[in-house]
Amino acid sequence: MAGNLPGSILIVGGGTAGWMAAAALARAVGRHTRIQLVESSAIGTVGVGEATIPAIRGFNHMLGLDEADFLRHTQGTYKLGIEFRDWTRLNHSYFHPFGVHGASLDANYTHQYWLRLNAMGEGGRLEDYSLCTIMAEQGRYMAPVTDPRNIMSVVGSAYHFDASLYADYLRRYAERLGVIRLDRKVVDVALRGEDGFVEAVICDGGERLAADFFIDCTGFTGLLIEKALKAGYEDWTHWLPCDRAWAVPSSGDGRITPFTRSTAREAGWQWRIPLRHRVGNGHVFSSAHVSEEQAREVLLANIDGQALAEPKLLRFVTGRRKQAWVKNCLSLGLASGFLEPLESTSIHLIQTGITKLLDFFPGRQIDGAEVREYNALAQGEFEAVRDFLILHYHVTERSDSSFWNHCRTMDIPDSLKSRIELFRRRGRVSTRARALFTDTSWIAVMIGQGIMPETYDPLVDLHPLPAVRERMATMRARIRQAADSMPTHEAFLGKQAAA
Ligand code: FAD
């Protein structure tokens with residue numbers, strides 16, 4: 001053990017959250033701190049969760065994972081964004097792309113020039129300025145690069161994968177670096193009399209597992225953070241009324257699209273996530289507006305190919321743990337809160353939780369100011385995602401069901417109100433809204449959901465109109481040309497698998 005580092009860390013729970021934490025901590029401090037993970041194979045994991053956002057590349061890079069190897073072991077595919085069907089109104093669709101609009105990284109003002117042309121009925125679709133969207137529409141894929149002179153630098157790319165296989169992959173990684181796994185059911189938590197810190201967890205049969213620091217990754221139950229430490233839970237169901245999901249894998253239709261599809265349904269929405277060997281499907285719904293049985297039927301009536309298993313029902317309460325870190329216990333994953341997978345943010349919030357933990361890594365003494373800072377940052381991240389999700393539901397023209405009437409007319413958080421107001425005027429994105437999602441994301445979803453700004457940034461008028469027209473036409477052409485020359489997503493994966 002070294003200096004002021006904690007001598008031992010116990011991770012409780014071995015789902016995606018537990019093994020992501022184990023892998024990252026083993027890499028960062030495993031040579032100095034004893035890391036153990038206890039999980040119960042009798043309890044199992046939530047077993048869904050397949051889509052990610054581009055930041056996951058940074059996490060895998062930090063671990064030094066080989067992309068091709070990791071994708072082979074997790075049945076992974078690439079994701080360039082999300083296609084939203086029927087969200088704005090029935091028979092309408094738009095694409096939320098990763099990366100940026102424009103043909104180079106310094107073109108982040110593209111949507112302002114587009115707004116100017118659009119006001120005159122010119123310029124085509126905003127999507128025509130997004131390379132990720134055109135690649136997705138054509139079913140193409142090529143890896144992004146960092147060289148800003150290369151048009152591929154505007155591409156953002158994430159993955160679809162089987163989260164259980166990802167957890168297994170990270171488990172092997174962490175065990176190689178010395179993490180000790182214990183298969184035990186935890187039945188109780190022992191708190192220290194003098195300060196209420198966690199002393200040990202007690203397993204079935206009475207065994208005590210003590211540590212200096214604990215990470216609660218026990219899923220929805222929050223065995224340490226809630227049951228023992230009473231951190232409290234902020235319920236956001238009044239803004240995000242979906243509280244159930246049916247999930248089922250299907251054989252698919254043979255196409256491996258490089259994007260997630262989200263189709264709005266009468267009382268919720270359905271995901272379609274293509275992996276190499278199957279398609280993941282799920283129907284997220286509000287039980288106040290549709291019965292579980294009806295929701296199940298809707299899902300099974302709208303999948304590609306044959307169902308490969310019985311649908312699985314998951315119940316959840318949308319919200320966040322009021323304090324993600326209490327005393328010597330940090331919660332990650334579902335134990336720290338849940339936001340529905342509409343923008344694939346759960347695994348990302350695990351990642352940012354781990355990054356923040358490393359930023360405020362606890363010494364032998366826990367520092368109250370650091371804990372408060374961690375909790376404030378975690379709150380900000382959850383709220384930014386929450387607002388982004390509410391935007392999809394609230395800014396809609398749909399009035400064909402009680403669910404959509406509720407979402408369209410409900411009150412929304414002030415933070416989101418001001419973001420919408422700001423955008424509605426001149427198409428500006430609040431810098432505060434950039435916490436997890438880029439300007440491209442907010443712009444694509446705001447415009448996609450039907451918020452057309454009244455005007456554009458006045459600085460755009462510094463450029464003569466013919467020059468703007470020419471620049472934008474060149475941009476559209478360069479983007480099309482780049483996409484046309486790429487391999488299909490299936491061909492790219494095939495080559496990778498064969499290498
Ligand atoms: P779990 O998977 O529930 O793991 C809990 C662990 O704790 C297990 O190992 C269990 O054995 C252990 N445990 C529990 N109690 C005990 C005990 N008493 N003793 C010992 N061990 C115990 N995220 C995304 O990023 N993208 C998605 O597309 C996505 N889709 C989702 C769809 C749905 C319907 C749901 C519900 C979630 C989705 N998620 C998604 C979230 C994602 O699945 C989770 O964030 C992720 O899997 C992390 O789960 P977890 O590790 O926190 O919890």
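The values are calculated or read from the model by the stated rules, or taken from the named source; none is laboratory data. From a predicted model like this one, the values you see are computed outputs, not experimental measurements. Please note: Cβ atoms are built from the backbone with ideal geometry, for glycine as well, and neighbour counts cover all protein chains shown. When the accessible area is computed, the model is the full protein with side chains, heavy atoms only, and any ligands, DNA or RNA have been set aside. Shrake-Rupley method; radii C 1.70, N 1.55, O 1.52, S 1.80 Å.
Before moving on, here are some points about what is shown:
- Note on the range 143-231: Cα convex hull, mean projected area over all directions, 9.8 nm².
- Rolling a 1.4 Å probe over the protein heavy atoms of the range 203-287, with every protein chain left in place, gives an accessible area that is 50 percent carbon and sulfur.
- Shown for the range 132-185: the carbon plus sulfur share of the solvent-accessible area, taken with all protein chains present and a 1.4 angstrom probe, equals 49%.
- Too-long pairs where the Cα-Cα distance tops 23 Å, listed order kept, from K230/K417; K227/K417; K79/K495; K79/K417: K230/K417; K227/K417; K79/K417
- Kyte-Doolittle mean at least 1.6 and Cα axial length at least 30 Å: DSSP H helices in the chain: none
- With a Förster radius of 25 Å applied to the C-beta separation of N150 and R125, the computed FRET efficiency comes to 0.55.
- Residues E470, E122, ordered by accessible area of protein heavy atoms at a 1.4 angstrom probe radius and largest first, appear as E470, E122.
- Each stretch of four or more DSSP H residues adds -39500 (n - 2.57); spread over every residue of the chain, this sum gives -11000 deg cm²/dmol at 222 nm.
- Length-normalised contact order of the chain in % [C-alpha pairs under 8 Å, at least 6 apart]: 21 percent
- Just so you know, the averaged projected area of the alpha carbon convex hull for the chain sits at 24.3 nm².
- Label point at R255 placed 7 Å out along Cα→Cβ; residues across the range 476-499 whose backbone nitrogen lies under 15 Å: 488-491
- Over the range 185-311, volume per residue of the alpha carbon convex hull, in Å³: 178 Å³
- Among the trypsin sites (Lys or Arg not before Pro) in the range 165-222, those placed in a DSSP loop whose Cβ has at most 15 other Cβ atoms within 10 Å are K185, R192.
- With all pairs of different C-alpha atoms in the average, the Kirkwood value for the hydrodynamic radius of the range 306-388 is 14.0 Å.
- With viscosity 1.002 mPa s and temperature 20 °C, the Kirkwood radius over alpha carbon pairs of the range 95-193 converts through Stokes-Einstein to a diffusion coefficient of 121 µm²/s.
- Largest first and in whole Å, the equivalent-ellipsoid semi-axes of the range 399-450 read 22, 12, 11, each the square root of five times a Cα gyration tensor eigenvalue.
- Here the 3J(HN,Hα) profile of the range 41-46, calculated from phi with Karplus coefficients 6.51, -1.76 and 1.60 at θ = phi - 60°, is 5, 6, 8, x, 10, 5 Hz, Gly and Pro shown as x.
- Rounded to the nearest Hz, the phi-derived 3J(HN,Hα) couplings of the range 230-244 under the Karplus curve 6.51 cos²θ - 1.76 cosθ + 1.60 (θ = phi - 60°) are 6, 5, x, 10, 9, 8, 10, 4, 5, 9, 10, x, 5, 9, 8, where x marks glycine and proline.
- Cα extents of the range 367-433 along the three principal axes, largest first (Å): 52, 30, 14
- Solvent exposure of the chain as accessible area per residue, Å², 1.4 Å probe: 40 Å²
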